[in-house]
1. Of 67, 99, 56, which has the largest mean-square fluctuation in a 10 Å C-alpha GNM of the chain?
2. Please tell me the relative contact order of region 21-135 in percent, rounded to the nearest whole number, where contacts are Cα pairs under 8 Å and at least six residues apart.
3. Rounded, prolate or oblate: which fits region 34-139 when a ≥ b ≥ c are the square roots of the eigenvalues of the alpha-carbon gyration tensor, with rounded for a/c under 1.5 and prolate only if a/b beats b/c?
4. Report the label-to-label distance for residue 18 and residue 77 in nanometres (one decimal), using points 7 Å from each Cα along the Cα→Cβ vector.
5. Based only on other Cβ atoms within 10 Å, what is the fewest-to-most ordering of 136, 96?
6. Roughly how big is region 34-135's charge dipole about its Cα centre, with Cβ charges of +1 (Lys, Arg) and -1 (Asp, Glu), in debye to the nearest 20?
7. Not counting the cut sites, what is the longest span of the chain without trypsin sites (Lys or Arg not before Pro) that DSSP labels loop and that have at most 11 other Cβ atoms within 10 Å?
8. Quick one: if the Förster radius is 25 Å, what FRET efficiency do residue 142 and residue 93 give, using the C-beta to C-beta distance and rounding to 0.05?
Amino acid sequence: MSFDPIDKARPVAEQPLTNVGVDRDSIGVLVREFYARLRGNERLGPIFAREISGDWEPHLEKMTDFWCSVILKSGDYQGRPVPAHLKLKDVTEADFDIWLGIFGETAAELFAPETAAVFLDRAERIAGSLKLAMFFRLPPRLAP
Ligand code: HEM
């Protein structure tokens, strides 16, 4: 195994979570359980039902690729999350709290606490970037 100074300098939460029982199969279980719960949520369920009306399998596979890329650094996901969310005009910042609450609960039930904490940390940071893209506007006097 070669020594990678950049990897060594990264915070623990940014290193790939291998050797702690996290692999594509366990991530697939998390993704499926998480979306089952989201679809049952009274606020977010109808939004997902409207946006993903047909076969859910491609979305679940895409989200498994996404989380494998985030957590295992697998490179499986090549998409662009920001445009997919910019078009969701009725989603609010508070909806992200619901999303993160359900995600954190699901991860905590399926993984050891330290592992679940890494999933939630990554989700919170990505949610932060999505929220900036969706909701942040410069005040008029600073706008270009
Ligand atoms: C209230 C919060 C959220 C809502 C309502 C939401 C909703 C959606 C919907 C409806 C899609 C499907 C869009 C499409 O296929 O046309 C989607 C895609 C996606 N979402 Fe979210 N999302 C939320 C938060 C998040 C968060 C926090 C993350 C990451 C941590 C995330 C990651 C993704 C990814 C990776 C895709 C696939 C984008 C692509 O490549 O097509 N979402 N989301």
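Rule-based calculations on the coordinates, nothing more; no lab input. Everything numeric in this text was worked out from a predicted model, so none of it was measured. Here the Cβ positions follow ideal geometry from the backbone for every residue, glycine too, while neighbour counts run over all protein chains shown.
1. 56
2. Once divided by the residue count of region 21-135, the mean separation gives 28 percent.
3. Taking the square roots of the gyration eigenvalues as a ≥ b ≥ c, region 34-139 is rounded.
4. That separation, rounded to one decimal, is 2.0 nm.
5. In increasing order of surrounding Cβ atoms, one gets 136, 96.
6. My answer is approximately 340 debye.
7. Value returned for the longest uninterrupted segment is 1-86.
8. Here the calculated transfer efficiency is 0.75.
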